[in-house]
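Colleague: Here's a structure for you.
Each value in this text was obtained by applying a stated rule to the coordinates, not by laboratory testing. Remember, it's a predicted structure, so these values are computed and weren't measured experimentally. Cβ: placed from backbone, ideal geometry, glycine included. Neighbour counts: every protein chain shown.
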Amino acid sequence: MPALTVFIAYAPTSSYDEDEIEAFYMDMEKFYREDHTFYKVIVGDFNAKIGPRRTPEELHIGTHGLEWNEQGERLSEFIMTTRTIHGNSQFQKPTSLMDVLAERRRCCTEVLHRIRPSPPSRKILLLAQRRESREVQEEESQTNHQLGSFHNASRLWEDTVVDNIDEEYERLIQHLCDSAKKAEGSRTTKRRLSHETLELIRQRGAARAAGNYQLTSELARRCREAIKEDLKERRAAVLAEAAEAGRSIRNTRRDFANRKTKMTALRRPDGTITSSRRVMEKVIYDFYSDLFDSHVHLPPCHLREDEYVIPSVLPSEVRHAIKSVKNRTAPGPDRIRPEHLKNLPTALVNTLARLFTRYRSECKVPSQWKTSRTVLLYKKGDPQDIGNYRPICLLSEAYKLFTRKAFDTIETEAVLEALGNQGVPTQYIRIFRGLYSNFTTRISPFYDDITIDVRRGVRQGDTVSPKLFTATLEDVMRRLEWDNMGVRVDGRLLHHLRFADDIVLITPSITQAERMLADFDDACGKIGLQLNLTKTMFMRNGWVSNAPFSLNGTTISECSSYVYLGREVNMMNDLAPELGRRKRAAWGAYKSIEEVVKKTKNIRLRAHLFNTMILPALTYAWALRKRDENAVSVIERSIERVMLGLTRLTQVRAGIRSSSLRQQSKIRDAAVYAKLSKIRWAGHVMRQNDHR
């Protein structure tokens, strides 16, 4: 049986200084981490009151509790740091002065307490029942939605027309949630550790219990090596299984992550750093309230009257939209997942088609669609800067279906006006106005939900957001008087290129470039957009004289090369830097599939992974010249040899030709792949009717 260590603790009361309380928890954490017993339990009086769980992320806290106090907040942070669970709040029991903290959720099945009636001693007997098992549980059972059961449960639906749109939609969502809950089941995962490793762990516990520390140290070293090897083997096996089944390796690798990165500190507007979660919530609220607040006054745009009649939504259109929804995406506030939609019975698909038709004809949407859940994803840069987190809006899957048939600063009225200027029927514009009016979002970083009013911007994570932003930017470009500006190419003046928000201005002189940039900045400012001058740079060739370049007093930096849409460009047309980037990208792509390639013996699977993962990274944005083809082929052959377990020296000594290796690996030729890709792209451009 695995060994058990019980830590007895008595925390300083609130009358002590903050430094002494902090020192107590630091010492407690140190002692806890230095002990390597399989089962560890902390029992003590922490003078803390811990209430019920407040956010889904507080998995270490149970749902049974009364109230929180300051010591309870500090104990909660200690529990999260040590990755333990608060045993008392897991069960509905009378309040106890003693707290039980367990390392493994499944090892604590009940917490009891008995208080002796003797007033002088005030002795407390606290009992915690521990689950014992001969076979160590490899991990908690995870909830798995049985989609077949969900389909059967959701079939028990009677479509009824309700006058109130919100009540009608709420009835549908409640039925889907109830069906999903009925279909919940548990699945067991394959064992992570081998029987040999588990035996070593058992021997280590026995040696520690016997006081043989020399043998314990040796067994601990062997356990670490065995566990590392077992986890490596299991990871490779799971990735290989996913590759053979045609599943995403990227998503499978993401499943191995067992926790989510948390914010530990944020910088206040005055430059000071805070680690207090309450203060961090205030920083988040202030930042996003200002970001989503309207800064430019725009009068409501006048909607023209037209005779366009929006057609009804067909069930086949709803089914087609459902098929295009990506799996494994985070659900919105209603907790309905894409996998549920893909297993809807015909009756519910017909109901969705009827509801969508009603929303279109009445130009009204459910109020549930006017709120969302926002998560903050760290991008890059300083993690203490709140601006380096990307707010992703988690919306209802039903809303995404409705808008299927990323940007934060565009004024809503400007978006609606742009749609009207580009011929979008008025009824559609009224629907968008209804969707974006009185919209709020909730952010739950730590304790409390932060509710923020969204008065501008389109929602990142919304399927229609890219179209709305593109339409708005197109409306801005049409208002610019640049007919006589730019550089003449094939008889036409080319003055800019744009891909979403990545824009290139092309001018014959710095003077004209300053004017165009000022015009563009002024036009963007009228609808709430701002240029990011930290990423704005200019390049010039030898035909353009050197002169200062500025915008509103801010100097624009000159650069010799710039990465645009993933391709490094320079005025010298030197492809050597980009070739180095492609080489690094190809090896990086190989590293992402290396575990699968080494594990599998399936030649066709390895070739498929190479063709789909490495070739696109190696040949991205290439218009190959002859010498470039040779350089790319060298990189491809080097990766090919690694896949086959050969070195260049081994190949030369064995007299193996590269053509023979290609017959073994079955991979595609990179140069031929790049040529075919360029020919396919050229044909796509030639078929365009907009003079490209």
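Colleague: Thinking of segment 29-101 as a set of Cα atoms, what percent of all their pairs are more than 22 Å apart?
Modeller: Tail of the P(r) past 22 Å holds 17 percent of the pairs.
Colleague: Here's another thing I want to ask about it. Which order do peptides 560-568, 595-603 fall in by mean Cβ count within 10 Å, highest first?
Modeller: Ranked from most to least packed, the peptides come out as 595-603, 560-568.
Colleague: Rounded to the nearest 20 Debye, what is the dipole magnitude of the chain about its Cα centre when Lys and Arg each give +1 and Asp and Glu each give -1 at the C-beta?
Modeller: The calculation lands at about 3740 debye.
Colleague: Calculate the FRET efficiency for Ala547 and Arg478 from the Cβ-Cβ distance with a Förster distance of 22 Å, rounded to the nearest 0.05.
Modeller: For R0 = 22 Å, the calculated efficiency reads 0.15.
Colleague: Sort 494-502, 315-323 by the packing proxy (mean of other Cβ within 10 Å over each peptide's residues), most packed first.
Modeller: Ranked by mean Cβ neighbours within 10 Å, highest first: 315-323, 494-502.
Colleague: Shifting gears a bit: So how far apart, in nm, are the two label points at Asn152 and Ala500 if each is 7 Å from Cα heading toward Cβ?
Modeller: A separation of 4.3 nm, rounded to one decimal place.
Colleague: How far apart, in nm, are the 7 Å Cα→Cβ label points at Asp453 and Glu594?
Modeller: Using points 7 Å along Cα→Cβ, the separation is 5.4 nm.
Colleague: Hey, another quick one. Classify segment 267-472 as rounded, prolate or oblate from the Cα gyration tensor: take a ≥ b ≥ c as the square roots of its eigenvalues, call it rounded if a/c is under 1.5, otherwise prolate when a/b beats b/c and oblate if not.
Modeller: Taking the square roots of the gyration eigenvalues as a ≥ b ≥ c, segment 267-472 is oblate.
Colleague: Please report how far the C-alpha centroid of segment 541-607 lies from that of segment 264-342, rounded to the nearest whole angstrom.
Modeller: 32 Å
Colleague: Next question. Given axes a ≥ b ≥ c from the Cα gyration tensor, I'd like to know whether segment 480-559 is rounded (a/c under 1.5), prolate (a/b larger than b/c) or oblate.
Modeller: Because a/c hits 1.5 or more and a/b fails to exceed b/c, segment 480-559 counts as oblate.
Colleague: Specify whether the C-alpha gyration tensor of segment 160-246 places it in the rounded, prolate or oblate class, a ≥ b ≥ c being the square roots of the eigenvalues: rounded for a/c under 1.5, otherwise prolate if a/b is larger than b/c and oblate if not. If you can, show how the numbers build up before the last one.
Modeller: Details: a/c = 5.36, a/b = 2.69, b/c = 1.99.
Because a/c hits 1.5 or more and a/b exceeds b/c, segment 160-246 counts as prolate.
Colleague: Putting +1 on Lys and Arg Cβ atoms and -1 on Asp and Glu Cβ atoms, find which of Thr534, Val487, Phe520 reaches farthest to the positive end of the dipole of the chain.
Modeller: Val487
Colleague: How about Lys93: which aspartates and glutamates have a C-alpha closer than 19 Å to its C-alpha, ignoring those fewer than 8 places off in the same chain?
Modeller: Asp45, Glu67, Glu110
Colleague: State, as an integer percentage, the relative contact order of segment 569-619 based on alpha-carbon contacts under 8 Å between residues 6 or more apart.
Modeller: 50 percent
Colleague: I want to make sure I understand the PRE zone here: with the label point 7 angstrom from the Cα of His608 toward its beta carbon, which residues in segment 664-691 have backbone N atoms less than 16 Å away?
Modeller: Within reach of a label on His608: 666-668.
Colleague: Would you mind getting the Kirkwood hydrodynamic radius of the chain from its Cα pairs, rounded to one decimal in Å?
Modeller: Radius from the Kirkwood sum: 31.0 Å.
Colleague: Given Lys181/Lys400; Lys467/Lys678; Lys262/Lys282; Lys370/Lys400; Lys364/Lys400; Lys40/Lys232, which pairs have Cα atoms separated by over 20 Å?
Modeller: Lys181/Lys400; Lys467/Lys678; Lys40/Lys232
Colleague: Continuing with this model, one more query. Taking the simple approach of a point 7 Å from Cα along Cα-to-Cβ for both Arg515 and Met571, what is their distance in nm?
Modeller: The modelled label-to-label distance comes out at 2.0 nm.
Colleague: Assuming 1.002 mPa s and 20 °C, estimate D for segment 533-657 with Stokes-Einstein, Rh taken as the Kirkwood radius over Cα pairs, in µm²/s. Kindly include the intermediate steps, with their values, before the conclusion.
Modeller: On the way: Rh = 17.5 Å.
Calculated translational D: 122 µm²/s.
Colleague: Could you rank the peptides 151-159, 16-24 by their average count of other C-beta atoms within 10 Å per residue, with the highest value first?
Modeller: 151-159, 16-24
Colleague: Summing -39500 (n - 2.57) over the DSSP H runs of n ≥ 4 in the chain and dividing by its residue number, what mean residue ellipticity at 222 nm do you reach, to the nearest 500 deg cm²/dmol?
Modeller: Here the helix-only value at 222 nm equals -14000 deg cm²/dmol.
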